[in-house]
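First up is the structure itself, then whatever we jot down about it.
The values are calculated or read from the model by the stated rules, or taken from the named source; none is laboratory data. The model shown is predicted, which means the values in this text are computed figures rather than measured ones. Methodologically, a virtual Cβ is constructed for each residue, glycine included, from the backbone with ideal geometry; neighbour enumeration extends over all protein chains shown.
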Amino acid sequence: MKQKDQLDLTKSLLEQAKNSAFSYLENTNDLPVFPGTDALALLDDLSKPFHTESIDPSVTLSELSQIGDKTIVNHGGSRYFGFVNGGVLPIGIAARWIADTWDQNAALEVMSPLAAKLEEVCESWLVDLFNLPAKTKMGLVGGTSVATLCGIAAARHYLLSKLGWDINADGLMNSPRLRIIMGDQTHGTVTKMVKLLGFGSNSIEIVPSDKQGRMLVNKIPTLDDHCIVILQAGNVCTGSYDDFSSICELANNAQAWVHIDGAFGLWALASEKFTNLTKGIQLADSWSADSHKTLNTPYDCGAIFCKHPTSLVEALHQQGSYISAGDNRDSMSFTPDMSRRARGIDLWACLHHLGKKGIQQLVDRLHFGAIFMKEGLSSIGFHIENDVHFNQVIVRAESDAKTKHILHDVQKNGVVWCGSAMWKGHFVIRISICSWQTNDSDLTIALKEFERAFNS
């Protein structure tokens with residue numbers, strides 16, 4: 001195929017994709033939030049033997065659109081309240097389109113000077129926004145799970161180095177035993193990452209929590225310089241924040257490392273409204289956060305922040321004779337990955353568009369939505385199981401059986417969607433307000449849907 005023909009084909013496919021995307025966006029709030037049974041049956045059409053001959057790409061794209069439009073989960077809309085899945089800002093979609101066309105590999109500066117510079121700028125802006133220590137470095141990863149892995153890996157390297165052990169040279173065998181200190185409501189992905197790094201269950205010391213899921217400070221064991229303390233900025237059910245000032249003071253005095261899991265909650269630092277919740281966050285050593293949650297960037301975009309850059313880089317060390325180190329930022333130094341998409345492109349676009357004030361307004365609006373839902377659900381007759389710290393609400397009816405019935409009814413009807421959890425012995429409905437699109441009208445519709453199900 002001639003170069004002009006290749007260009008014409010690409011433009012034709014992009015035009016087709018644009019039309020499909022526009023059709024979805026124009027109808028997004030009329031679509032079920034979660035696909036129904038008939039729609040999900042269409043997924044079986046994808047289960048075909050792998051064919052031998054090539055297929056016209058426009059046919060491929062058409063089939064993808066026809067099935068995909070009916071079977072996706074519409075968490076980009078305004079009435080999806082499950083899993084703290086953020087929506088996506090218009091600037092994020094547009095920047096992602098350009099980024100995918102550029103198809104940059106963000107591993108090394110020499111692979112993409114633009115990607116390297118944009119990540120450097122995003123790092124500077126976010127360290128400023130969160131008021132983190134000036135020496136803090138940032139790495140962009142798929143999400144908070146991997147960001148937490150990076151933070152704990154840096155902690156392991158830092159503490160063992162202080163204890164005279166070179167983990168890169170000598171590995172874990174016979175190394176000084178480190179202790180993991182975390183609350184009984186710590187997110188499951190944290191435990192997964194801890195174990196991936198070689199810490200077994202016997203290395204983990206669990207601290208009980210209060211009724212909001214906050215670690216009880218007076219139950220924290222005596223800390224020392226063998227400890228990695230893992231705290232939460234935003235409990236996944238209640239949205240609560242640990243007592244950072246008190247716990248970080250204990251940890252810092254003991255020369256322990258503190259990592260804060262702030263998947264969605266770290267963004268509360270952007271608003272003065274949450275100063276009492278976030279006080280002391282900056283006293284930690286590393287922090288993890290997701291941009292695809294609260295900031296509403298496209299999926300996927302997580303970040304690790306670490307105020308001990310040398311430990312982060314050494315913990316994620318890569319080498320090879322073919323690697324051409326740049327004079328400035330080589331982003332692979334701050335993440336486990338080498339080849340990866342240039343997440344900094346759409347992150348930069350969202351930050352550049354919103355500015356500090358726009359992010360503050362977004363954060364405040366999510367909190368307002370949670371308060372709105374709490375008050376409305378309470379008036380319907382639901383038991384509210386948490387204080388609304390940020391954007392999370394958990395509720396239940398008078399029995400687990402009725403709560404399950406209500407949730408099933410709401411999910412099946414497709415007007416709104418939210419998930420569930422077990423909280424302090426009760427089955428609860430878990431509501432996460434996490435989309436820039438959610439407005440008073442959406443919340444009112446959601447409350448009417450819950451009232452209908454509650455009284456059915």
(request) Looking for whichever is in a loop (DSSP other than H, G, I, E, B), among the aliphatic types (A, V, I, L, M), modelled with pLDDT of 95 or more and not assigned by TED's automatic domain parsing to the domain that holds Asp103 here; the options are Val363, Val393, Val388. Which one fits? (result) Val388
(request) Output the qualifying pairs, or none if there are none: Cβ atoms under 7 angstrom, residues six or more apart or on different chains, first residue in segment 417-436 and over 25 Å from Gly87 (Cα atoms) and outside any strand (DSSP E or B), second residue among the charged types (D, E, K, R) and modelled with pLDDT of 95 or more. (result) Lys424/Lys211
(message) Given the criteria assigned to a loop (DSSP other than H, G, I, E, B) and in the same structural domain as Asn202 (by TED's automatic domain parsing), does Glu120 qualify?
(response) no
(request) Within segment 180-188, identify whether any single residue is within 17 Å of Cys306 (Cβ to Cβ), assigned by TED's automatic domain parsing to the domain that holds His226 and crowded, with 16+ Cβ neighbours inside 10 Å, and answer yes or no. (result) no
(request) Name the single residue, out of those in segment 377-390 being in contact (Cβ under 8 Å) with a residue 24 or more places away in the chain and of a type in the set (Val, Ile, Thr), that is surrounded by the most Cβ atoms within 10 Å (Cβ to Cβ). (result) Val388
(message) Whether any residue in segment 141-152 is touching a residue at least 40 places away in the same chain (Cβ under 8 Å), on the phi < 0 side of the Ramachandran plot and assigned to a strand (DSSP E or B) is what I want to check.
(response) yes
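Residues are listed down the side, and each one gets a yes or a no for (1) at pLDDT below 95; (2) under 15 Å from Ile345 (Cβ atoms); (3) crowded, with 18+ Cβ neighbours inside 10 Å; (4) of a type in the set (Gly, Ala, Ser):
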{"site": "Ile93", "(1), (2), (3), (4)": "no, yes, no, no"}
{"site": "Trp97", "(1), (2), (3), (4)": "no, yes, no, no"}
{"site": "Asp103", "(1), (2), (3), (4)": "no, yes, no, no"}
{"site": "Met111", "(1), (2), (3), (4)": "no, yes, yes, no"}
{"site": "Leu118", "(1), (2), (3), (4)": "no, yes, yes, no"}
{"site": "Phe130", "(1), (2), (3), (4)": "no, no, yes, no"}
{"site": "Pro133", "(1), (2), (3), (4)": "no, no, no, no"}
(request) Output the residues belonging to segment 285-314 that are over 27 Å from Asp346 (Cβ atoms) and either touching a helix residue (DSSP H, G or I) at 6+ places or on another chain (Cβ under 6 Å) or not assigned by TED's automatic domain parsing to the domain that holds Leu126 (or both). (result) His308, Ser311, Glu314
(request) Go over the candidates Arg452, Arg430, Arg396, Arg343 one by one and state the one that is farther than 27 Å from Leu277 by Cα and crowded, with 18+ Cβ neighbours inside 10 Å. (result) Arg343
(request) Among the numbered conditions (1) assigned to a loop (DSSP other than H, G, I, E, B); (2) more than 18 Å from the chain's Cα centre (by Cα); (3) among the aromatic types (Phe, Trp, Tyr), tell me where Tyr299 comes up short. (result) (2)
(request) Collect the residues in segment 233-246 that are in contact with a helix residue (DSSP H, G or I) (Cβ under 6 Å, 6 or more places away or on another chain) and either crowded, with 24+ Cβ neighbours inside 10 Å or not in a loop (DSSP other than H, G, I, E, B) (or both), keeping them in residue-number order. (result) Ala233, Gly234, Tyr241, Phe244, Ser246
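Matching residues to (1) among the small types (Gly, Ala, Ser); (2) free of Cβ contacts under 8 Å to residues at least 60 places away in the same chain; (3) outside any helix (DSSP H, G or I):
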residue: His353; (1), (2), (3): no, no, no
residue: Gly358; (1), (2), (3): yes, yes, no
residue: Glu375; (1), (2), (3): no, yes, no
residue: Val410; (1), (2), (3): no, yes, no
